[in-house]
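Data block below; observations after.
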Amino acid sequence: MQIERVDLYTDGACSGNPGPGGWGVVLRYGDHERELYGKDPTTTNNKMELMAVIEGLAALTRPIPVVRVYTDSTYVLKGITEWMRGWKRNGWMTSAKKPVKNADLWQRLDAERSRHGEVQWEWVKGHAGHPENERADKLACKGRDEAR
């Protein structure tokens, strides 16, 4: 028996930083796919990268044993795999004793992640021809363009 798995391909886009932004997600479960995107008129690229993952995980209507998240954001990847444990231990303060930027989004991401079994994090190089990353980028750009 194969373990149930969902793949999320995520991306964020922003014109200016801050500026109008968008996020995009391609969800894949077996042969089924779903595309999601959203927008924000005044945001940052890092916020949109986080929102893509948050909204992708939130779209899963029930707990999934394995979720594989693909991101081209080293900010998201390092935040979730390296930095978050320390932030939580330090009351959402950095090692320099400063408040974590986007702590509200990191907390939402942590909550969404905890609903599922194993969440695997994969980095993909952006704008390098990865088909699903390119699709997520197009969705994020669509959101950004609608936010303008």
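Things worth noting here:
- Ranked Met84, Met51, Met93, criterion: other C-beta atoms within 10 Å, fewest first: Met93, Met84, Met51
- Sequence-distant contacts, meaning Cα pairs under 8 Å at least 6 residues apart, place the relative contact order of the chain at 37 percent.
- Cα gyration tensor shape of the stretch 5-147, rounded if a/c is under 1.5, else prolate or oblate by comparing a/b with b/c: oblate
- Helical mean residue ellipticity (222 nm; -39500 (n - 2.57) per DSSP H run of 4+; nearest 500) of the chain: -11000 deg cm²/dmol
None of the figures in this text is laboratory data; all of them are computed from the coordinates on show. Quick caveat, the model's predicted, so the values are computed rather than measured. Cβ sites come from the backbone with ideal geometry, for glycine too, and all protein chains shown count toward neighbours.
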